[in-house]
Structure formats: C-alpha cells, structure tokens
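K.L.:
Got a structure here, written out as structure tokens. Questions coming.
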Amino acid sequence: MSSVKIELRKDQVEKIHAFCDQCGNEPGELINILHRTQEEFGYLPAEIQEVIADKLALPVAKVYGVVTFYSFFTMIPKGEFPISICTGTACYVRGAEKVLSEFKKLLDIQVGETSADGKFSLSCLRCVGACGLAPVVLVGDKTYGRIAPDDVKEILEEAGGARTRGQGD
Ligand code: FES
C-alpha cells in the first residue's frame, strides 16, 4: 500500500459517505462506489479505502483486493500532467510501443507511476477514436497525433518544462 499518509478532511469523508449512501451502503455496489470516488479524488489511497470499508462494514482487505485487481483503479495520485498513450491496434501498429518506451526512459517511470516531482504520470489507453492520427498521445486534455519517439522530449518540455533525464542535470 501507499507509504505516504494522507489526512482526509471532514468534507471529503462526508463526500465518500454520500457515495456509499447513494448506493444503499450495499457491499455489492463496491465497484460502483470506488469508481465514483476515484472520479472525485483521482485515486484511491489506503485512507479512502478504509473509509469505504468502514461505511460498508467490509474488511479493508476486501476493498484493497478489489482496488488492486482491476487495472482501472489506482492508488497513486495522478501527475499534474497525466500522460496517456493509446495502445489500440492502429496506434500499436504505427509504433505506440516505441513512443511509450521513450516516455518511460525520459521520465524514468513505468506505466501507472508518477514522476518524483509529481508533474507527470503515465498510463495506457485503448483506442481513443482518433486512429487517423495514430499513434496518439494525450497530455491532460491536449491530444497529440502522429507522434514519433523523437517528439517525446518536446512534448514533455511543452507540457510542463520537464526536467527530463539527459538534460544536463
Ligand atoms: S487505436 Fe489509437 S486512436 Fe484508435
């Protein structure tokens, strides 16, 4: 589990309780509740899982098991600039894998991780419906098309003035 302890505010706990109440505090609605909570908070750290477990009268281990089983749930906060690489068929065929490798290399993180400065996080997506622009990369709400590995450095610099590996640090 995440080693960074966070303190939930009272209004945040109330919000999570409200999601549970709206779902009748039904353990069978756990996935639904986790979805809504992640939409609100961006991720599901241990402290949030404990609040949900408590409200639904479930063991924390059960909630943790569900969060870690499904890849769409994350316990890591997203970066200020979340980067998503489309790995749908069209993008894959046109080299998405190499583009992804370049992001991993320059940011020194893996998929599902956030850079140490909290700026960038990396994830993969299935087809985002822009196959004509393959390979496609999303940075926040910005879409970049026909990306080659050579473009990655520039994208990072444009997005957040990233201090990437190999920039003389
Ligand atoms: S496969 Fe990437 S946009 Fe369709």
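K.L.:
With the checklist (1) surrounded by fewer than 16 Cβ atoms within 10 Å (Cβ to Cβ); (2) among the aliphatic types (A, V, I, L, M); (3) within 18 Å of the chain's Cα centre (by Cα) in hand, flag the one item Ile48 doesn't pass.
P.N.:
Tallying (1) surrounded by fewer than 16 Cβ atoms within 10 Å (Cβ to Cβ); (2) among the aliphatic types (A, V, I, L, M); (3) within 18 Å of the chain's Cα centre (by Cα), Ile48 fails exactly one: (1).
K.L.:
What number goes with the only condition from (1) over 14 Å from the mean Cα position of the chain (by Cα); (2) more than 11 Å from the ligand (Cβ to nearest atom) that Gly118 does not pass?
P.N.:
Checking Gly118 against (1) over 14 Å from the mean Cα position of the chain (by Cα); (2) more than 11 Å from the ligand (Cβ to nearest atom), the one that fails is (1).
K.L.:
Another question, then. Would you point out the residue of the range 103-119, among those that are of a type outside the set (Lys, Arg) and not in a loop (DSSP other than H, G, I, E, B), that is farthest from Tyr43 (Cα to Cα)?
P.N.:
So the residue we want is Leu106.
K.L.:
So is Leu56 of a type in the set (A, V, I, L, M), over 30 Å from Leu133 (Cβ atoms) and within 18 Å of the chain's Cα centre (by Cα) or not?
P.N.:
no
K.L.:
Of all residues being within 29 Å of Arg36 (Cβ to Cβ) and of a type in the set (A, V, I, L, M) in the range 73-104, which is farthest from the ligand (Cβ to nearest atom)? Just the residue, please.
P.N.:
Ranking the candidates gives Met75 first.
K.L.:
I've got another one for you. If the requirement is being surrounded by 19 or more Cβ atoms within 10 Å (Cβ to Cβ), assigned to a helix (DSSP H, G or I) and of a type outside the set (Ser, Thr, Tyr), which of these qualifies: Leu100, Leu122?
P.N.:
Exactly one of Leu100, Leu122 is surrounded by 19 or more Cβ atoms within 10 Å (Cβ to Cβ), assigned to a helix (DSSP H, G or I) and of a type outside the set (Ser, Thr, Tyr), namely Leu100.
K.L.:
Which condition breaks for Gly129 when tested against (1) in a helix (DSSP H, G or I); (2) within 14 Å of the ligand (Cβ to nearest atom)?
P.N.:
In the conditions (1) in a helix (DSSP H, G or I); (2) within 14 Å of the ligand (Cβ to nearest atom), Gly129 misses (1) alone.
K.L.:
Against the condition modelled with pLDDT under 95 and not β-branched (Val, Ile, Thr), how does Phe41 come out, does it pass?
P.N.:
For Phe41, the condition - modelled with pLDDT under 95 and not β-branched (Val, Ile, Thr) - is met.
K.L.:
Here's something else I'd like to know. Residues in the range 139-149: is at least one buried (at least 18 other Cβ atoms within 10 Å of the Cβ), within 12 Å of the ligand (Cβ to nearest atom) and not assigned by TED's automatic domain parsing to the domain that holds Glu39?
P.N.:
Yes, that holds for at least one residue.
K.L.:
If Ile109 satisfies every condition in (1) surrounded by 14 or more Cβ atoms within 10 Å (Cβ to Cβ); (2) within 16 Å of the ligand (Cβ to nearest atom); (3) under 30 Å from Leu30 (Cβ atoms) but one, which is the exception?
P.N.:
Here Ile109 clears every test but (2).
K.L.:
OK, next. If the requirement is being among the small types (Gly, Ala, Ser), in contact (Cβ under 8 Å) with a residue 12 or more places away in the chain and outside the structural domain of Lys119 (by TED's automatic domain parsing), which of these qualifies: Ala18, Ala57, Ala90, Ala61?
P.N.:
Being among the small types (Gly, Ala, Ser), in contact (Cβ under 8 Å) with a residue 12 or more places away in the chain and outside the structural domain of Lys119 (by TED's automatic domain parsing) holds for just one of Ala18, Ala57, Ala90, Ala61, which is Ala57.
K.L.:
Suppose we keep only residues that are of a type in the set (A, V, I, L, M) and modelled with pLDDT under 90 within the range 129-168. Which one would you say is nearest to Cys86 (Cα to Cα)?
P.N.:
Ala159
K.L.:
If you scan the range 1-44, which residues turn out to be among the hydroxyl-bearing types (Ser, Thr, Tyr) and in contact with a Leu (Cβ under 9 Å, 6 or more places away or on another chain)?
P.N.:
Thr37
K.L.:
In this structure, does Phe69 turn out to be surrounded by 14 or more Cβ atoms within 10 Å (Cβ to Cβ) and not aliphatic (A, V, I, L, M)?
P.N.:
Criteria not met by Phe69.
The values are calculated or read from the model by the stated rules, or taken from the named source; none is laboratory data. Owing to the predicted nature of the structure, the values given are computational and were not obtained by experimental measurement. Counting neighbours? That spans all protein chains shown, and the Cβs are built from the backbone with ideal geometry, glycine included.
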